[in-house]
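Since the structure comes first, as structure tokens, the remarks are kept for the end.
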2 protein chains.
Amino acid sequence: MDAVNKVINEDLQKERDKCKFNVAELTAFLDGGDKFTQKRREKENRVFSIQGLRDAVPDEYMSHKERYENAVRKAVIMHQTLGTLEDKTLTEYETARLALRATTSSAIFKENSPLMLHYSMFANVIEGQGDEKQREYWLKKINNMEIIGTYAQTELGHGTFIRGLETTAEYDPKTEEFVLNSPKLTAYKWWPGGLAHTANHCVVMAHTYSQGKSCGIQPFMVQIRDLETNMPMKGVKLGEIGAKLGFNTVNNGFLGFENHRIPRDRMLMKNSQILKDGTFISSPNSKLTYGTMVYIRVSILGTMANTLGRAVTIATRYAAVRRQSQPKPNEPEPQILDYVTQQHKLFIGIASSHAYYISCFWLWTLYHRVTKELAVGNMDNLAELHALACCLKATTSADAAVLVERCRLACGGHGYMLSSNLPQIYANVTAANTYEGENTVMLLQTARALVKAGMQVAQGQKVSPSMAYLADQSKMAKWDSSVDGIVKGFQKVAAGKVAACLASLQRHTNNGQSAEDAWNLTSVQLVAASEAHARVILLSVFKSEMDVQTLTLSGETRTVLFQLVQLYTIYWALEKVGDLLLPTTTTTYSVSICDTAMRCDGWMDETSLFEKSTIQTSARTGIAGLVLSGLVYDSAVYPELVHQSLTSWPLQ
Amino acid sequence: MDAVNKVINEDLQKERDKCKFNVAELTAFLDGGDKFTQKRREKENRVFSIQGLRDAVPDEYMSHKERYENAVRKAVIMHQTLGTLEDKTLTEYETARLALRATTSSAIFKENSPLMLHYSMFANVIEGQGDEKQREYWLKKINNMEIIGTYAQTELGHGTFIRGLETTAEYDPKTEEFVLNSPKLTAYKWWPGGLAHTANHCVVMAHTYSQGKSCGIQPFMVQIRDLETNMPMKGVKLGEIGAKLGFNTVNNGFLGFENHRIPRDRMLMKNSQILKDGTFISSPNSKLTYGTMVYIRVSILGTMANTLGRAVTIATRYAAVRRQSQPKPNEPEPQILDYVTQQHKLFIGIASSHAYYISCFWLWTLYHRVTKELAVGNMDNLAELHALACCLKATTSADAAVLVERCRLACGGHGYMLSSNLPQIYANVTAANTYEGENTVMLLQTARALVKAGMQVAQGQKVSPSMAYLADQSKMAKWDSSVDGIVKGFQKVAAGKVAACLASLQRHTNNGQSAEDAWNLTSVQLVAASEAHARVILLSVFKSEMDVQTLTLSGETRTVLFQLVQLYTIYWALEKVGDLLLPTTTTTYSVSICDTAMRCDGWMDETSLFEKSTIQTSARTGIAGLVLSGLVYDSAVYPELVHQSLTSWPLQ
């Protein structure tokens, strides 16, 4: 954070001087407008000016306990600084837009805040599932920090499969109470952030019974600790789950119940209710609770964009200042950024970060539309939104983890040091592969929608807009290396994979397999089809949104942004060259892409495509400039490059 | 380590009962014979019976300093237990063979021992580069622990590029001393294990000058700390480089010199010498020092096999005991090992671990042959060995890191917990991507040899055995899905990529680029060609060595081992389907693989290939049995599965 006062490394300064586009223009574009950039910086300046938020000793030298205590200390300061800061000049929509680019917290907590769940899931679930009286009562307490809460769904033995949750809540009409129990060890709640030592309240998802009958999984507000002593309440068993790859300061815990009783009004009753006499009134539509889950997946796209952006900024700066080897005698060692292999590792990370921002805002807009539709009872587009959020969450988080790790490795041994912050960034980003819906499960959810759409297409029915390309029976006579041509190729690939899955499912059921076993036997291909669909969406949205959104930008800025679009598209064409080529050599896809006669005739020339991808080289200044000019991340915010061991390490 | 006394999880026991092959037979096969299994277990039992080697508090809860102190404590016990244990019943060759399967240390130190470098590089370099007198003098002190040492080559600003090292050693004939200096911050030695607080001696690589002339990079034995006080010697600046992703207990340090003087005889003089008057006598062959470097890369293959084996053992056991979801109503939740997507993630890890063992022992045999040849002045096969070691080190370490991470992610959230030990295993394995030769640099070194061989082939000259396939001009008329057929396909791919590189280098030089710039512009393809060559070696060696070495094994054991060969081969055919298909659609490769007329006609049917890969399913019991039966790792050795937070977690 002292970086701004330091001498800038000469190589870094030279790179910045080469930048041809207007940095402020591009920053505003990414933030959503000058107003948002200003608001973001106001908040950042406010936080970063507080001396108490700086670590005297870096976290990594402390014990597990000390790290937590340090995080609590900073969380309290953060709350005092920002907690009551409600910006009346912004609409709710604008506040949410701003939040998708907010990274202040990640600059303060390398492994996140112990209050993370209090501000997010705990508040959200009461907002979304509490009735009016409950919302009013609890949200006030939450905002005032009278209580600290978390959200407990996952159990030691149960993750994705919600119906399998074993925690029970049985209604006792005599006392008008619910009795909570964890009948087995595998029923213990496991993972909630803040649960280990921080939270005193918790929303608990439990299998609910009344009048001897199951009422499904319902949410309950439970006080788990005494507000004075912080000791567990009677019949509540609590603790920490232990050290993890990352998120250590999030204070994840476990929670079990032994005949713990809570009043009837602690069940969140916006959707389903249990009346005093035990009568169960089920939710008019169980899908109404999808909202929060989908929103979190949308926000994960933003997190991936931000996190990958940080990693690739660090790695590109390092590549600019690090000099190594001497290919030409009597010349100085080159900046490693001048090695094409280095550019090949880094530039796709820059392009991907931008692709994820664009996709995030696109999906977020759709989310808003669908939320409004839901409010008036229209659920037409909910399935589409759900299918998109699942496969995009999985694909961007998987790719981002690979790309962050590539950035880390591109810094050689220095990337292995925690002072680069790259290992901690990886720990954060890889967690998104398993949290909020494990990626393989996510892809299989979208696959269900694709299979359904594939069958509808076969019957001539209309399908949702994002899957409409499945119905396109036109052939690609010639390979087209333009961005639109490659997107078209990916559509054919995805359509081919969906058709192959349908054929495989059919084959297995014809062979006497049950539908479930046929699904399992086809599941590797189903995952691949789902990923292919996500590629279609990411590539086409990046291109079409850029076309529309950059119209008012200057030519220089548009140029570099479209270099990113081109790089991203060609990169994936080369990565998936087998998928693009396969339909030219086999007839197993029921969607045939090109005529047999065309197959041999220069369908795709990898060499020429690769040469095109050396826009990487010709656009080195522009693309590297995106991060070297302080973009994506303001340099003041990211002190990771300052080597903690040697204060005079020659980086800015 | 208490695992053997615990009740075995029911699902795990069922899996083990299903195993059809003789576990002891396969263990002996991997160890290299019953004798080695027995020796290995003797050592393991000796170490694991020592109570003091168990951590009362797991490392991850301690501060950085406490972790180091705990590691020193255990290193001392380990030395007392094993340090003087020289097994006279084994030859030197047998001792080395045993070492390649040794994992005892990794069970005691999650992040390795602070004496790691003392036992390995420090001793090795004196063995390899000290003259007779030096070897006798120093090795005795090393074995008796009279001194503790490390090896310092890499500098803060200089890694792979040895000529760029900035530490200087200038000979002063007046006092018959060398004067060591670190002229700049970037000249500081950086990374040596044990250097931070443990070592009192160090072999330092320094740019050497005598009589005003450069004498190249030479090794020096330097006392860096006082043996009584452990304080740095005069003119020696020392410290710790800081926390890292892993290897934290290795105690990596930095080292700088300010006019530090050492006697002339501290230069290790087996190869080059500087006489009393300052006369420099250069080594008869600079390649003689390659030995240690190559040996370490050979041993990395073994480390990758061991480390991946541990990860996939943990993940497969987890998949056997974890039950999730309910595809069929009224049936219990299945073991997640029964999901084909899970098998797809794990089984390739089992196959790869075995492929790396086999490749390691094959390469090690070649290393021994070449070492013997070198001893009599024959350097014919040194370049071949070097090229093989470089690309195999890079490819196996890169693949192993991806596969370990896949294992970790396949355990969902539980893989994110340090109690699974998977994050720590990943930290160990990913380090191999950058240590002992950064992977991209390694692949480019092999690429140099491939380009040279490609040119020799074009001129009708003979090339080294491992590259002989480059000269094979025969066409593949039909795709052949057998293992040998796929290996043949990979040979065509590698040959095609080498030819494409030659064409690209030519094109760039024709366009007026210098040779160095043409190399840089082709470097991404050169890396790909080098990796393709490594695939040829890994696939063909796995198959051919298994053919030969398993002849005396029982049918059941051979069956499951050949399932691994087939799985490994088909997996890579599917991963690289684009490479295998490209030659059918373009004529840019100068090695044309098949006739045009053949190209369209069912060249490769991915679906049928995929169906073949579902040997995964039919061979589930056998392949999973490889690790579930306690193979690859004896269950007593790996206590990772015992969840530290909940002792009754239902795993063995």
Of these, A:Ala206, A:Ala199, which one is at pLDDT 95 or above and either in contact with an Asp or Glu (Cβ under 7 Å, 6 or more places away or on another chain) or within 24 Å of A:Lys74 (Cβ to Cβ) (or both)?
A:Ala199
Can you pull out the residues in the stretch B:366-409 that are β-branched (Val, Ile, Thr) and at pLDDT below 95?
B:Val370, B:Thr371, B:Val376
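Going residue by residue through the stretch A:55-72, is there one that turns out to be open to solvent by less than 80 Å² (accessible area, probe 1.4 Å), under 26 Å from the mean Cα position of the chain (by Cα) and of a type in the set (Gly, Ala, Ser)? Give the derivation first.
Taking the stretch A:55-72 first, the residues open to solvent by less than 80 Å² (accessible area, probe 1.4 Å) are A:55, A:57-64, A:67-68, A:70-72.
From the residues that got through so far, the ones that are under 26 Å from the mean Cα position of the chain (by Cα) too are A:59-60, A:67-68, A:71-72.
Okay, now just the ones that are also of a type in the set (Gly, Ala, Ser), so A:71.
Yes: one or more hits.
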Where residues in the stretch B:409-451 are farther than 18 Å from B:Arg310 by Cα and small (Gly, Ala, Ser), which of them is surrounded by the fewest Cβ atoms within 10 Å (Cβ to Cβ)?
B:Gly413
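Condition check ((1) of a type in the set (A, V, I, L, M); (2) under 24 Å from A:Glu436 (Cα atoms); (3) away from chain B (no Cβ under 14 Å)) across all residues:
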{"residue": "A:Gly128", "(1), (2), (3)": "no, yes, yes"}
{"residue": "A:Gln134", "(1), (2), (3)": "no, no, yes"}
{"residue": "A:Ile142", "(1), (2), (3)": "yes, yes, yes"}
{"residue": "A:Ile147", "(1), (2), (3)": "yes, no, yes"}
{"residue": "A:Thr150", "(1), (2), (3)": "no, yes, yes"}
{"residue": "A:Gln153", "(1), (2), (3)": "no, yes, no"}
{"residue": "A:Glu170", "(1), (2), (3)": "no, no, yes"}
{"residue": "A:Lys174", "(1), (2), (3)": "no, no, yes"}
Criterion first (touching a Gly at 6+ places or on another chain (Cβ under 6 Å) and part of a helix (DSSP H, G or I)) does A:Leu539 satisfy it?
no
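Against the condition at pLDDT below 95 and assigned to a loop (DSSP other than H, G, I, E, B), how does A:Glu166 come out, does it pass?
no
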Among the helices (runs of 4 or more DSSP H) lying completely within the stretch B:57-112, list those that include at least 2 residues that are within 14 Å of chain A (Cβ to nearest Cβ) and farther than 20 Å from B:Asn421 by Cβ.
B:64-78
Sole exception among (1) modelled with pLDDT under 90; (2) within 14 Å of chain A (Cβ to nearest Cβ) for B:Gly291, by number:
(2)
Given the options B:Ala500, B:Ala471, B:Ala495, B:Ala458, name the one that is of a type outside the set (D, E, K, R) and either at pLDDT 95 or above or outside the structural domain of B:Thr395 (by TED's automatic domain parsing) (or both).
B:Ala471
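For every residue, the table says whether it meets (1) among the acidic types (Asp, Glu); (2) surrounded by fewer than 18 Cβ atoms within 10 Å (Cβ to Cβ); (3) under 30 Å from B:Leu346 (Cβ atoms).
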| site | (1), (2), (3) |
| --- | --- |
| B:Lys270 | no, no, no |
| B:Leu275 | no, yes, no |
| B:Ser282 | no, yes, no |
| B:Thr303 | no, no, yes |
| B:Gly309 | no, no, yes |
| B:Thr313 | no, no, yes |
| B:Ala320 | no, no, yes |
| B:Gln324 | no, no, yes |
| B:Lys328 | no, yes, yes |
Might you check whether a residue that is within 14 Å of chain A (Cβ to nearest Cβ) and over 15 Å from B:Lys576 (Cα atoms) occurs anywhere in the stretch B:528-549?
no
Condition set at positive phi and touching a strand residue (DSSP E or B) at 6+ places or on another chain (Cβ under 8 Å), scope the stretch B:192-231, selection farthest from the other protein chains (Cβ to nearest Cβ): answer is B:Gln211
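Residues checked against (1) assigned to a helix (DSSP H, G or I); (2) of a type in the set (A, V, I, L, M, F, W, C); (3) in contact with a strand residue (DSSP E or B) (Cβ under 9 Å, 6 or more places away or on another chain); (4) touching a residue at least 12 places away in the same chain (Cβ under 8 Å):
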position: B:Ile425; (1), (2), (3), (4): yes, yes, no, yes
position: B:Gly437; (1), (2), (3), (4): no, no, no, yes
position: B:Gln445; (1), (2), (3), (4): yes, no, no, yes
position: B:Met455; (1), (2), (3), (4): yes, yes, no, yes
Can you confirm whether the stretch A:396-418 contains a residue that is more than 14 Å from chain B (Cβ to nearest Cβ) and under 17 Å from the mean Cα position of the chain (by Cα)?
yes
Spot the failing condition for A:Asn378; the list is (1) open to solvent by 20 Å² or more (accessible area, probe 1.4 Å); (2) assigned to a helix (DSSP H, G or I), and only one is missed.
(2)
Would you check if B:Thr249 is of a type in the set (S, T, N, Q), modelled with pLDDT of 95 or more and within 27 Å of A:His414 (Cβ to Cβ)?
yes
Report yes if A:Arg558 is in a helix (DSSP H, G or I), basic (Lys, Arg), open to solvent by 10 Å² or more (accessible area, probe 1.4 Å) and within 11 Å of another protein chain (Cβ to nearest Cβ), otherwise no.
no
What number of residues within the stretch B:232-251 satisfy the criterion of being within 12 Å of another protein chain (Cβ to nearest Cβ) and either small (Gly, Ala, Ser) or open to solvent by less than 10 Å² (accessible area, probe 1.4 Å) (or both)?
7
One residue is enough: does the stretch A:26-36 have a residue meeting the conditions more than 14 Å from every other protein chain (Cβ to nearest Cβ) and open to solvent by 60 Å² or more (accessible area, probe 1.4 Å)?
yes
Go through the residues of the stretch B:91-109 one by one and say whether even a single one is surrounded by 19 or more Cβ atoms within 10 Å (Cβ to Cβ), at positive phi, of a type outside the set (Lys, Arg) and not assigned by TED's automatic domain parsing to the domain that holds B:Asn230.
no
Could you list, in sequence order, all residues of the stretch B:500-546 that are charged (D, E, K, R) and either surrounded by 22 or more Cβ atoms within 10 Å (Cβ to Cβ) or touching a residue at least 24 places away in the same chain (Cβ under 8 Å) (or both)?
B:Glu531, B:Arg535, B:Lys543, B:Glu545
I'd like the residue in the stretch B:294-337 that is farther than 21 Å from B:Ser106 by Cα and either basic (Lys, Arg) or within 25 Å of the chain's Cα centre (by Cα) (or both) and, out of all such residues, is nearest to the other protein chains (Cβ to nearest Cβ).
B:Lys328
Scanning for something free of Cβ contacts under 8 Å to residues at least 40 places away in the same chain and either open to solvent by 10 Å² or more (accessible area, probe 1.4 Å) or aromatic (Phe, Trp, Tyr) (or both), does the stretch A:348-361 turn up at least one residue?
no
With respect to the numbered conditions (1) away from chain B (no Cβ under 14 Å); (2) of a type in the set (Asp, Glu); (3) closer than 29 Å to A:Ala107 by Cα, which one is the sole condition not fulfilled by A:Glu436?
(1)
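The values are calculated or read from the model by the stated rules, or taken from the named source; none is laboratory data. Bear in mind that the values here come from a model prediction, so they are computed numbers and not experimental data. Glycine also receives a Cβ, built like all others from the backbone with ideal geometry; neighbour counts cover every protein chain displayed. Just the protein is used for accessible areas: all its heavy atoms, side chains included, with ligands, DNA and RNA removed. Shrake-Rupley method; radii C 1.70, N 1.55, O 1.52, S 1.80 Å.
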